[in-house]
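Let me begin by presenting the structure, written as structure tokens, before commenting on it.
The values are calculated or read from the model by the stated rules, or taken from the named source; none is laboratory data. Worth saying up front: this structure is predicted, and the values here are computed from it rather than measured. Ideal geometry is used to build each Cβ from the backbone, glycine not excepted, and the neighbour counts take in all protein chains shown. Just so you know, the surface numbers come from the protein's heavy atoms only, side chains and all, with ligands and any DNA or RNA stripped out. Shrake-Rupley method; radii C 1.70, N 1.55, O 1.52, S 1.80 Å.
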Amino acid sequence: MSENAIKTPEHDENHIIAERRAKLAEWRATGKAYPNDFVREVGAGEIFERHGQKSGDELAGDPVKVRIAGRVMLKRVMGKASFATLSDFSGRIQLYVARDKVGEEAYAAFKRLDIGDIVGAAGVLFRTKTGELTVECAEIRLLSKSLRPLPEKFHGLTDQEQKYRMRYLDLIMNAPSRATFIARSRIVQSIREFMTGRGFLEVETPMMHPIPGGATARPFITRHNALDMPLYLRVAPELYLKRLVVGGLEKVFEMNRNFRNEGMSPRHNPEFTMMEFYEAYSEYQGLMDFTEELLRHAARAALQKECFEYQGRPIDFSKPFERLTLTQAIVKHRPHCTEERLADPDWLRAELSAMKVETKPDMGTGALQLLIFEETVEAQLWDPTFVVGYPAEVSPLARRSDADPLLTDRFELFIAGREIANGFSELNDPEDQATRFLAQAKAKDAGDEEAMYYDADYIRALEYGLPPTGGCGVGIDRFVMLLTDSANIRDVVLFPQMRPE
């Protein structure tokens, strides 16, 4: 068998790595490996912002000195003078490296650079014959060696799983990925500015709880050795934030990381980010107005517009968000589900059975209605839609409606067929809350792993008096998906959870 016949991509990469390690050994032998004395003064993007409109004559008449640093992405060696493309956080710029400008030793070292190496360069700006803004280097040197080859330059990094596992490589190769995470940072910052600008105090609450609460979800469990007690990673910060409102911090919010030991999907990651806020003396109708204003503000900050496309379909934030009750939403999108039928638990069970959706014997009318909604209507709510009138049976922390005690003053916001926000007038009656906690505890004892625990300390806090309060949680990851036109939640989480390689 010939030598060429047994070569594989892995063989080729190992050979490249071996060659680069040999270069690193030579560099170490000089005593100058991995220096830390090169100070970058400007980024590539800033150079174009300041000088991108200047002509070659202007640059020649008034020389602009620059000191830049970044990763070598392209290199063209042409005898006594060569070109390279340097990439940094802000963009890319071309380098011109001539032997008579940098000296024999530096030019020889430049020719031995590999794609992916990180270099520092100093020189003056000029324009090439083709008009490209370029740095004519007076100095260039290696700052950090890239031992592994980057993906093939014309295709970049296209394997989705590899992108998620090696986000660092994705960010090196894919400008759209960098843009997505820059946008995410700006969206989060705009939300913070909106909240603090309206008098909210940003707070931090525990991420390890003695009792998981604030959401119906299955928690991750750990153990504190010194205290010899189990702890649960936070499924929601809600109960701690409301404790703060009891304590007199009347307007609070938290940009929080939550952990739920549940399934994964394009819309679910076990570790995710939410922004939750609580305001004393507010109620769910006002919360809807506030949430709508908040999301519109963030869209303008990120996109400079209120109308945009998601996965090829338009979404309009400029007009008021639609508001429907749970049953109105079902009737609108499934006309055969009349109000009369939706009030009949036997009909609901038969309908769900025909859809091959499992139900539990203890489910009441409200829980069955919610199943119908989740299975058939939720995905159809493309335009921003507030759904209100959730059953108390499935809303253990929300205040009951004065008009109908079987319902709660609660809303969920749906955009592009997925839940983006959940809010309600908070339940501040400690006796009602204790009764609902007991019902949740019984459900947990019966095998419902997502049901809540009975939180005696939270009941004690309520007994000191929680003012009428409204609270809402906004799913940051899903909202960023919308504004960056990302189809998968893992596209907007820097390091998503993955199965072992």
For the stretch 44-124, one quarter of the surface area of the C-alpha convex hull, expressed in nm², comes to 5.4 nm²
Which of the trypsin sites (Lys or Arg not before Pro) across the stretch 303-359 are loop residues per DSSP, with 14 or fewer other Cβ within 10 Å?
LYS305, LYS356
What percent of all Cα-Cα pairs in the stretch 210-305 falls in each 5 Å bin, counting up from 0?
3, 11, 15, 17, 19, 16, 11, 5, 3, 1, 0
So which lysines pass the test for LYS360, namely a Cα distance under 20 Å, with those fewer than 8 places away in the same chain ruled out?
LYS442, LYS444
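According to the square roots a ≥ b ≥ c of the eigenvalues of the Cα gyration tensor, what is the shape class of the stretch 227-268, taking rounded for a/c under 1.5, prolate for a/b larger than b/c otherwise, and oblate for the remainder? If you can, show how the numbers build up before the last one.
On the way: a/c = 3.92, a/b = 1.42, b/c = 2.76.
It is oblate, given that a/c is not under 1.5 and a/b is not larger than b/c.
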Per residue of the chain, what 222 nm ellipticity follows from adding -39500 (n - 2.57) for every DSSP H run with n ≥ 4, rounded to the nearest 500?
-10500 deg cm²/dmol
Computed over the Cα atoms of the stretch 168-246, the Rg and Dmax in Å are 17.9, 50
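I'd like the carbon and sulfur percentage of the solvent accessible area for the chain, probe radius 1.4 Å, heavy atoms only, ligands and nucleic acids excluded.
Working: 12990 of 25500 Å².
Carbon and sulfur atoms account for 51 percent of the accessible area of the chain.
Length gain on complete extension for the stretch ARG99 to ALA179, per 0.36 nm per residue less the alpha carbon to alpha carbon distance? Walk me through the numbers on the way to the answer.
Values: separation 80, 0.36 × 80 = 28.80 nm, distance 3.64 nm.
In short, 25.2 nm is gained.
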Tell me the net charge near ALA280. Cut-off is 12 Å between Cβ atoms, ALA280 excluded, with +1 for each Lys or Arg and -1 for each Asp or Glu.
-2
Virtual spin-label span in nm between GLU46 and LYS32, 7 Å along Cα→Cβ:
2.6 nm
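For the stretch 1-108, state which trypsin sites (Lys or Arg not before Pro) are in a DSSP loop and have at most 14 other beta carbons lying within 10 Å of their beta carbon. Provide the component values of the computation, followed by the final result.
Details: sites: LYS7, ARG20, ARG21, LYS23, ARG28, LYS32, ARG40, ARG50, LYS54, LYS65, ARG67, ARG71, LYS75, ARG76, LYS80, ARG92, ARG99, LYS101; in loops: LYS7, LYS32, ARG40, LYS54, LYS80.
Loop-located and lightly packed - LYS7, LYS32, LYS80.
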Once ASP432 and ALA108 are pulled to full extension, the length gained, defined as 0.36 nm per residue separation minus their Cα-Cα distance, is 108.7 nm
If you count the DSSP beta bridges with both ends in the chain, what percent of them are antiparallel, to the nearest 5?
90 percent
Accessible area per residue in Å² at 1.4 Å probe, computed on the stretch 192-258
48 Å²
Give me the one-decimal nm value for the distance between modelled label points at GLN328 and ASP289, 7 Å along each residue's Cα-to-Cβ direction.
1.7 nm
Once R0 is set to 25 Å, what does the formula 1/(1 + (r/R0)^6) return for the Cβ-Cβ distance between LEU406 and ASN261, expressed as a FRET efficiency to the nearest 0.05?
0.20
Which length gain, in nm to one decimal place, applies between VAL124 and GLN162 when the Cα-Cα distance is subtracted from 0.36 nm times their residue separation?
9.8 nm
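So what's the chain giving for Rg/Rh, alpha carbon basis, Kirkwood Rh from the mean inverse pair distance? Could you put the intermediate results ahead of the total?
Working: Rg = 29.2 Å, Rh = 26.9 Å.
With Rg and the Kirkwood Rh in hand, the quotient comes to 1.09.
Applying 1/(1 + (r/R0)^6) with R0 = 22 Å to the Cβ-Cβ distance of LYS54 and ALA138, what FRET efficiency is obtained, to the nearest 0.05? Can you show the working numbers first?
Numbers: r = 19 Å, r/R0 = 0.88.
Approximately 0.70, to the nearest 0.05.
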Percentage of interatomic Cα-Cα distances in the stretch 282-355 larger than 18 Å
60 percent
